[in-house]
Amino acid sequence: MTQPSRYSVTTTDPSIYAPLGGGLQVANAFTFTVDGVEIGVFREISGLELTIGTQDVVEGGQNGFVHKLPGRITWPNITFKKGLTQSDNLFAWINGVSGDGYAAQSNVLDRKTGAIAVVDHEGNPLRSWNLIDVFPVKWSGPSFGTDSQSPLEESLEITHHGFTAATSGTTSTAR
């Protein structure tokens, strides 16, 4: 009878092979709302990330390394693609933060709270992010052509001041 190596692990539990944090989820769509009003449903989102800058501190007499201290957190703009927006809701929001709508508020920007929700093929929410102080910075409408069989797609780019992430009733803040 051979002895198992002290470095081998034998198990019948398949969950140990699951990715960190559990099984991989498959998203069917992403919904974007502003203050609870649906703006659109999208198939692709980019820019949901953050970067923590660092500051180097050189200590006199210590030549082996440089101390790294945390700095500012920055967030890129978020871009939603391959979706069709609820145009009335989107343009009401855009008009409120630009042009005459902006001027009517004495040029004071009314930032809103946005939310991105990932939904599965049955429409069940998998995870969501609440975006702090959002406003739109770019919208692109669909390309039209009578000879094209491509679906009508729009894209939307927003900016924000951070987000909170929520899943299964928990919330964590990145601000």
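The values are calculated or read from the model by the stated rules, or taken from the named source; none is laboratory data. This is a predicted model, so every value here is computed, not measured. Note that we place each Cβ from the backbone using ideal geometry, even for glycine, and neighbour counts take in every protein chain shown.
So the values come out like this:
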item: Count - residues of region 94-117 that are more than 20 Å from the chain's Cα centre (by Cα), part of a loop (DSSP other than H, G, I, E, B) and of a type outside the set (Val, Ile, Thr); result: 6
item: Residue that is modelled with the highest pLDDT [pool: residues in region 118-132 that are more than 11 Å from the chain's Cα centre (by Cα) and surrounded by 16 or more Cβ atoms within 10 Å (Cβ to Cβ)]; result: Ile132
item: Members of region 114-144 found to be among the small types (Gly, Ala, Ser), out of contact with any Lys or Arg (no Cβ under 8 Å at 6 or more places or on another chain) and at negative phi, listed by number; result: Gly114, Ala115, Ser128, Ser140, Gly141, Ser143
item: Region 72-93, residues that are more than 21 Å from the chain's Cα centre (by Cα) and among the aliphatic types (A, V, I, L, M); result: Ala92
item: Hey, Val134 touching a residue at least 60 places away in the same chain (Cβ under 8 Å), within 30 Å of Thr51 (Cα to Cα) and not in a helix (DSSP H, G or I) or not; result: yes
item: Residue in region 3-20 that is surrounded by 10 or more Cβ atoms within 10 Å (Cβ to Cβ), at pLDDT below 70 and farther than 19 Å from Lys81 by Cα present; result: yes
item: Close pairs (6 angstrom Cβ cut-off, 6 or more residues apart or separate chains): over 18 Å from Val37 (Cβ atoms) in region 111-123, assigned to a strand (DSSP E or B) anywhere; result: Val118/Phe30; Val118/Leu126; Val118/Arg127; Asp120/Leu126
